[in-house]
Each structure stands twice: as C-alpha cells, then as structure tokens.
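Here is the structure we will look at, set down as structure tokens.
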Amino acid sequence: MAETHVLFVEDDDVIREATQLALERDGFTVTAMPDGLSGLEAFRADRPDIALLDVMLPGMDGVSLCRRIRDESTVPVIMLSARADSIDVVLGLEAGADDYVTKPFDGSVLMARIRAVLRRFGHAGGPGAGDGGREEPAEGGLLAFGDLEVDTEGMEVRKGGVTVALTPTEMRLLLEFSTAPGTVLSRDKLLERVWDYGWGGDTRVVDVHVQRLRTKIGQDRIETVRGFGYKLKG
C-alpha cells in the first residue's frame, strides 16, 4: 500500500526539519515547505493525503492557506498553533481545518492526531495504525428530517433535493446526530466518536464544526442544549 503523503508547512527551520524526520521515521512521505505560497504550490502539485499548517506563516498565513486548500479539496487539515487560546485556532477551524495541535507538541501526540484524522477520512491512518476498536455509525440507508436527507450508505446529504457538499469530518458529525435524532450528544462524546479523542480535547473543535454544519444544513436543524451539548431536531 502507498505511504501516506503529508504536506507540512512550517517557517521555523528547526521545527520543520525535526518534525519531518519524525514523520518519515514513522513511515510517512513528507513534503515540507517554509511558507504559505510554496505550501499552496506543493499542495496543487502533489495532492497530499493530509496537510499540517502552522498558523503564522510568511507570505500567506496558515488560515488563508487552509481556506485556499478547502476551496479546492476536502483533504484533511490540521493547524499548528503556538497558543491554545489564540483566536487563530478558531479562525483556522472556521476556515475548514479539521483539528489543531498546540506547539510545542509531543511527537506521539501529533502522530495520534494525524492517524485519527486519517481514519475519519477513510485512509488506513498511516503506517501501523489500526481502527482502535471503534465502531462506525450504523448504516441505515436513507434518513429524512423534513427537507434534509442523509444517505448513510452513499455518504450523501441533500437539502430540498439539492446535494450538500460536506467534508468527511462534517459528514461524520452529521451521521452521529442523524442516527440518534432528538438525543443530546455532549461535546466530550462527540470528540470521542467523531475525532477519536481518547482523552480530553478542546470542545471549540466541536462548536466550530457544528456551526459550519449548521450553515450548510440549516441554522435551526441542530439545537444547542445549554450545559449538555447538541441534538438534531427529529
């Protein structure tokens, strides 16, 4: 099976070279670029399986690069940020990133995040990855909620008969809601089921993805249950 190809865009030479070596040691093929513009060119030329983007990049910042990539592809994107409380993290997620990792990061944490994202996108998850014993949402054919239709076998969504384009992460999130309509799902539960977090994660990842999903399927389709989580209106 072909190796998983990672595009890594980082302007710090030491971090870029050290992380590239660690990824290659773990069996990934890596294209490393020092700035946003060269990163975009490499993405278009190589079509990697996943992109790791630093938020602060010269020429074109990581958020803008993520937005450009998302305009062209649903390839998974992980943002790298030096500050967990930075507004740049939220901006990156709103631009279409699937997850983020705070710098400085432990190599094993980064590898775990990469594999978790790749599993969601239907890749093997990189060299040596398994499924972690996690069950996928049950297949149930066509589910209808008013004018919203979710085809759990064909992995398609239609609203008013018009196909809605979702990223794989957004699709996984909608599947969790649509297979349990009316059931409140906590942010921690969604982090576990959709993002494969076996540990506590940043619930902003869930909140931003829910908001992105709402803009595509209808603002009133997913209800916020304060203090508990979210639910899909049946």
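The values are calculated or read from the model by the stated rules, or taken from the named source; none is laboratory data. In this text, all values refer to a predicted model and were calculated from it rather than measured experimentally. All Cβ positions, even for glycine, are placed from backbone atoms using ideal geometry, and neighbour counts span all protein chains on display. Areas reflect the complete protein model, heavy atoms only, side chains present, ligands, DNA and RNA absent. Shrake-Rupley method; radii C 1.70, N 1.55, O 1.52, S 1.80 Å.
If you check Gly107, Gly27, which single one turns out to be in contact with a helix residue (DSSP H, G or I) (Cβ under 6 Å, 6 or more places away or on another chain) and surrounded by fewer than 17 Cβ atoms within 10 Å (Cβ to Cβ)?
On the way: Gly27 fails: in contact with a helix residue (DSSP H, G or I) (Cβ under 6 Å, 6 or more places away or on another chain).
Residue meeting the stated conditions: Gly107.
Residues being of a type in the set (Val, Ile, Thr), part of a strand (DSSP E or B) and either within 13 Å of the chain's Cα centre (by Cα) or under 21 Å from Thr215 (Cα atoms) (or both): count how many of those fall in region 89-113. Quick ask: steps written out before the conclusion?
Of the residues in region 89-113, the ones of a type in the set (Val, Ile, Thr) are 89-90, 101-102, 109.
Within this subset, residues satisfying the condition of being part of a strand (DSSP E or B) are 101-102.
In the following step, the residues that additionally are either within 13 Å of the chain's Cα centre (by Cα) or under 21 Å from Thr215 (Cα atoms) (or both) were identified as 101.
Adding up the residues that qualify gives 1.
Look at region 114-127 and say how many of its residues are open to solvent by less than 30 Å² (accessible area, probe 1.4 Å), modelled with pLDDT under 90 and within 11 Å of the chain's Cα centre (by Cα).
Initially, region 114-127 is screened for residues open to solvent by less than 30 Å² (accessible area, probe 1.4 Å), giving 114, 116-118, 120, 125-126.
If we keep only those that are modelled with pLDDT under 90 too, we end up with 116-118, 120, 125-126.
Still in the running and within 11 Å of the chain's Cα centre (by Cα): 116-118, 120.
Residues in region 114-127 being open to solvent by less than 30 Å² (accessible area, probe 1.4 Å), modelled with pLDDT under 90 and within 11 Å of the chain's Cα centre (by Cα): 4 in total.
Select from region 145-186 the residues that are open to solvent by 40 Å² or more (accessible area, probe 1.4 Å) and in a strand (DSSP E or B) and list them in ascending order.
Answer for region 145-186, where residues must be open to solvent by 40 Å² or more (accessible area, probe 1.4 Å) and in a strand (DSSP E or B): Glu149, Glu156, Arg158, Lys159, Val162, Thr163.
Starting from region 205-222, keep only residues that are under 17 Å from Met79 (Cβ atoms) and modelled with pLDDT under 95, then list their pairs with residues that are outside any helix (DSSP H, G or I) and open to solvent by less than 10 Å² (accessible area, probe 1.4 Å) whose Cβ atoms are within a distance under 7 Å, requiring at least 6 positions of separation or different chains.
Listed pairs, sorted by first residue: Val205/Asp99.
Just wondering, is there one or more residues in region 50-60 that are of a type outside the set (Val, Ile, Thr) and farther than 17 Å from Asp11 by Cβ?
Filtering region 50-60 for residues of a type outside the set (Val, Ile, Thr) gives 51-54, 56-60.
Those left that are additionally farther than 17 Å from Asp11 by Cβ: none.
Looking through region 50-60, none of the residues is of a type outside the set (Val, Ile, Thr) and farther than 17 Å from Asp11 by Cβ.
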